[in-house]
Structure formats: C-alpha cells, structure tokens
C-alpha cells in the first residue's frame, strides 16, 4: 500500500494536499503522540524527510475488533495515516492482495526492510497440540510470529488477546493461548483493551513514526500516557462514589440520576485505561457514560475475575496520584492478605462447628 521510499510530505503533496493541510496534520500527529505544542516543528521536520515506515499486521486468535476499532480512529483521520504516514504492506483484513500475492507482500517487506519495519500483532498465539488451533498457509501462528518478529524495528500487541490472552486464555485455556510478549525476545508495546480505543492505537503508531522510539511503558509494557491511571480516577461519576451514592440495579432511580455503578459490577477501580478521557466514537462517550459499568477489559484475566455484574470486594480506594506501577503491588499484597485472613477465619469456624457437633453427639448423663 503506497511507496515507502517517499517522505510523508512528498506522499501527501502527490495526493494534492496543501502545505497548510500538511502542517495541520503534523499538529494532530504531535498531539496524539503526547508531545507539547513546541514539538510540532520537530514533527514537521521529521515528516518532511522521513520515509514512510513499512508495516506488517498479523492476525491470530482474535475477532478482528482491534482492526475495526483502528479504522474508526478520528484524530488524525485513519485514511491519512494508512495512505500517507504508513506503508501498510501486509494485513489479512485490509489488503487487496490474497493467496501467493499476499504472501509475497509479506516476504518482500521483511527482506527489503530488515530492521526497519513495524510489526503489529492482533490476537493470541496457541501453543497446545503443536499450535494446530491457529494456522495460516500450513504454518502455525507461533512460527509465523517468530519469523516476522525477529527483524522488526518495533512490535505492538494490539488488544487484550495479543497483550494478555483475553477470552482465548480464559480457564481452562484449552488451546494454550499465549500473549505475544511471552514468545519473543524483543520489547513489546502492549495496547490492551477489547478492543483498544481507536485514537490510543493511532497515538502509539504516531509516536513511533514521529520520534522513532518506543513510548514510555509501565511494568506491564503499556504506554504510560494512556494506562497510568485507573478509569475510576478520571470518571465523572467518581464524586458519587466518594459520596456513597450508588446504583443498586440498572432500572432504579439512582441509575437514572447517573450515580456510581460500582455496586452493579463496575471494574473501574482496578482498571487502567484512558476510556473516560479519550472516549470512543470521536470522543463522544464511553461504556460508563452510556450506563454500563466498566468490565475491566484492558486487565489481564478479566474473563476469570468473577461475574461482570458482581461488585468487587470492599474497595477503600487509593489516591488519584497512584499509578499502575505503585497500586498493582498494593492490590496484590492486599489480595494475599485477604486470602490468608479468609483462610484463618474459615479454619476457626470449622473447628467451632466440629466442636459443636461433637458436643451434640455426646450422650447425656
């Protein structure tokens, strides 16, 4: 898709864009990459001369919702990014070629752009039974991943399937679905969500194009710009949580008043994502705003973390200054302590019941 030897400006100019259009595009790209306004000049300079990076987009165990999300990004316009910023050489979902032609696109991209192309991966990789649960052209997903990833300049895991296994890895995980980061040695940018927010996906790609380096990542490999705060901390319903005003059922008066959805299963207090800030559908809304609690889809194992509509155990809350790196350890320790305390209490109760039964069984004198 497109000539990767052209600079981004040359490609846009050839399509009839004005210099003004180009500068506006650079401003949008800088904003989405999280750069300050003063850095727009840096973006302009880079896009003036920088060649379009070649991109390979692989699909494994997934439902294609990440691709569907990506092509609906609004800032900057996806068509501009696909055709003018990236050279999307291979993707089973969006490319026109098929069969041998498609495979040639893949092999040529790897060969001609060694160490320069960007690899995007959507979906988990199954390892059980020699990988038979996901094969393309007679090759296992794992063998394809290893072949394509070894010479990539950067690897991005799109969505929760690629980042942490998602529903494919839910217990008992019969296919052995495995996240990308556990299979390759290169650093992986995890962009979890089911699917991720379109504009977040676009921002990560833009960051790579503009700066030519990975964005700052947390200890789970997620871009800190979008995954360093809980949905709970930036939610407009947070004031209701703090005031103890909760929805008790989806059809009650409190739901109509827009109270906090914590008691009907909202996982916002333990979910790190930018949903309440970036929002969906061109910044229109996000699940909590539409009246449905967060299901925690950007967190590992969310399918196994209990019923979606059952509220979390007592959650006292952490300050909004807490981050994923600092709170994760605290939550883990609190969970361990809670399990230990529960075990002690349960053991005491059992002994008490046994003693009472034993007393009842004694013959009266």
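The values are calculated or read from the model by the stated rules, or taken from the named source; none is laboratory data. Quantities reported herein were computed from a predicted structural model and do not represent experimental measurements. Positions of Cβ are backbone-derived with ideal geometry, glycine not excepted, and every protein chain shown enters the neighbour counts.
A few notes on this one:
- Count - residues of the range 200-224 that are surrounded by 20 or more Cβ atoms within 10 Å (Cβ to Cβ) and within 30 Å of residue 263 (Cα to Cα): 3
- For the range 159-182, a residue qualifies if it is over 30 Å from residue 29 (Cβ atoms) and touching a strand residue (DSSP E or B) at 6+ places or on another chain (Cβ under 6 Å), and the qualifying residues are 165, 168, 169, 175, 176, 177, 178.
- Filter pass, residue 243 being at pLDDT below 95, surrounded by 23 or more Cβ atoms within 10 Å (Cβ to Cβ) and outside the structural domain of residue 49 (by TED's automatic domain parsing): no
One line per residue, one yes/no per condition, for (1) outside the structural domain of residue 116 (by TED's automatic domain parsing); (2) touching a helix residue (DSSP H, G or I) at 6+ places or on another chain (Cβ under 8 Å); (3) at pLDDT 90 or above:
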{"residue": "221", "(1), (2), (3)": "no, yes, yes"}
{"residue": "254", "(1), (2), (3)": "yes, no, yes"}
{"residue": "268", "(1), (2), (3)": "yes, yes, yes"}
{"residue": "281", "(1), (2), (3)": "yes, no, no"}
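- The criterion of at least 3 residues that are crowded, with 16+ Cβ neighbours inside 10 Å, under 26 Å from the mean Cα position of the chain (by Cα) and modelled with pLDDT under 85 is met, among helices (runs of 4 or more DSSP H) falling completely within the range 1-58, by 19-32.
- Filtered residue count, the range 141-158, keeping only those that are touching a strand residue (DSSP E or B) at 6+ places or on another chain (Cβ under 8 Å) and not in a helix (DSSP H, G or I): 7
- Taking the conditions (1) at pLDDT below 85; (2) within 25 Å of the chain's Cα centre (by Cα); (3) assigned to a helix (DSSP H, G or I); (4) over 21 Å from residue 154 (Cβ atoms) in turn, residue 84 satisfies each one other than (4).
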